[in-house]
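Below is one structure, written out as structure tokens, with a few remarks after it.
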Ligand code: ACO
């Protein structure tokens with residue numbers, strides 16, 4: 001045994017670590033799931049085997065969430081928005097009215113967790129309670145920042161209708177609810193994206209479901225993940241007209257900027273969620289007047305991206321057509337990322353359940369590339 005006062009053993013050079021490493025974990029299999037399959041090469045997405053296009057046309061968010069949590073398809077499944085504990089309302093009132101909605105939602109989920117007895121392992125009931133709490137919390141924050149009182153959930157309404165009602169105090173028309181419900185279905189689940197992976201890492205430590213979802217919201221906040229649809233609106237406003245599109249897009253790319261709503265880590269074909277949402281956007285009664293511009297600019301952008309990146313297929317992603325749907329249902333752009341997070345609650349919490357059911361601590365290794373072991377300078 002080494003004595004406390006004996007000299008440290010001489011440093012030995014570490015053997016070269018030549019195990020494979022993929023920056024950003026691109027292409028690395030980091031788990032198994034029965035929830036969803038993202039087939040990036042062919043532009044296909046299924047939830048527990050069912051095609052996303054069919055789920056959008058014939059399903060509801062409540063049924064899809066239940067499918068993800070339980071594996072059962074029950075088209076009549078209901079999921080109203082849930083109550084907000086009084087202490088969570090106090091926390092929301094304490095936030096600056098200038099707080100970003102994503103910060104407010106992350107804070108609300110964290111505060112909600114502090115008011116619950118979230119025992120391990122997580123349950124479907126916990127998943128349901130959190131998924132139905134969050135729309136109420138986001139709507140309450142919006143009301144509070146506008147100087148208005150939060151609205152109590154109406155248990156007779158579905159989750160999306162309830163969210164819209166609690167935002168505005170008015171019942172939403174069926175077309176608007178249906179469009180947002182379609183968006184929620186499309187946003188519900190998407191494999192091992194960064195926020196879902198975060199939720200699974202947190203769950204793997206046997207932490208609770210609220211911590212997992214709060215962490216996932218923090219990950220979703222970044223513009224490379226969930227922050228893009230509001231930037232799509234800004235980008236289109238700057239483009240201004242189809243005639244100006246070619247020049248504006250080329251100049252943006254020459255400045256090293258990314259075109260928002262294009263490119264994806266997994267999809268090399270057209271994102272099937274973008275295709276589904278484009279249909280929803282085009283069918284909306286209150287679609288934004290810039291939808292036609294978006295459709296025309298998309299063609300120009302795809303052509304220029306193909307020219308600039310012949311070796312990496314950069315296609316339209318879900319965020320591009322999420323923007324007109326979300327604006328069409330009357331949401332302000334600063335609510336887009338938080339609304340995406342509400343939709344993703346079903347997937348995050350389903351992954352939490354799946355991780356917990358066959359848990360192993362997620363703890364990968366890292367290659368050390370710093371200085372070799374050395375002595376601290378004397379003095
Ligand atoms: N506009 C212009 N160039 C792009 C874009 C884009 N939108 N996306 C990727 N590229 C370029 C990169 O600059 C890079 O070029 P280089 O090889 O010359 O350096 C090449 O394509 C490969 O890009 P990566 O960064 O390796 O792709 P990655 O898989 O890491 O990125 C991402 C995926 C983050 C979505 C990226 O495409 C992007 O930033 N898109 C814009 C933001 C966006 O729309 N985000 C929403 C994504 S969908 C979602 O999360 C729900």
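From the list 79, 55, the lone residue that is part of a helix (DSSP H, G or I) and surrounded by 18 or more Cβ atoms within 10 Å (Cβ to Cβ) is 55. How many residues does the stretch 209-241 contain that are more than 11 Å from the ligand (Cβ to nearest atom), outside any helix (DSSP H, G or I) and touching a helix residue (DSSP H, G or I) at 6+ places or on another chain (Cβ under 6 Å)? Of the residues in the stretch 209-241, 1 are more than 11 Å from the ligand (Cβ to nearest atom), outside any helix (DSSP H, G or I) and touching a helix residue (DSSP H, G or I) at 6+ places or on another chain (Cβ under 6 Å). Filtered by the rule that a residue be out of contact with any helix residue (DSSP H, G or I) (no Cβ under 7 Å at 6 or more places or on another chain), assigned to a loop (DSSP other than H, G, I, E, B) and on the phi < 0 side of the Ramachandran plot, the stretch 178-199 gives 192, 193. Remark: residue 318 matches the filter, which requires a residue to be crowded, with 20+ Cβ neighbours inside 10 Å, within 19 Å of residue 191 (Cβ to Cβ), under 24 Å from the mean Cα position of the chain (by Cα) and touching a residue at least 12 places away in the same chain (Cβ under 8 Å).
How many residues does the stretch 260-289 contain that are in contact with a strand residue (DSSP E or B) (Cβ under 6 Å, 6 or more places away or on another chain), assigned to a helix (DSSP H, G or I) and either within 22 Å of residue 222 (Cα to Cα) or within 11 Å of the ligand (Cβ to nearest atom) (or both)? Of the residues in the stretch 260-289, 1 are in contact with a strand residue (DSSP E or B) (Cβ under 6 Å, 6 or more places away or on another chain), assigned to a helix (DSSP H, G or I) and either within 22 Å of residue 222 (Cα to Cα) or within 11 Å of the ligand (Cβ to nearest atom) (or both).
Filter the stretch 311-328 down to the residues that are away from the ligand (no atom under 11 Å from the Cβ) and over 15 Å from residue 270 (Cβ atoms) and list them by number. The answer is 324, 325, 326, 327, 328.
The lone criterion from (1) within 14 Å of the ligand (Cβ to nearest atom); (2) assigned to a helix (DSSP H, G or I); (3) exposed (fewer than 15 other Cβ atoms within 10 Å of the Cβ) left unmet by residue 334 is number (1).
Check 246, 257 and return the single one that is assigned to a helix (DSSP H, G or I) and surrounded by fewer than 16 Cβ atoms within 10 Å (Cβ to Cβ). After ruling out the rest, the residue left standing is 246.
Since every read-out is calculated from the coordinates, none of them should be taken as a lab result. Source: prediction; values computed, not measured. Neighbour counts are summed over all protein chains in view; Cβ atoms, including those assigned to glycine, are modelled from backbone coordinates with ideal geometry.
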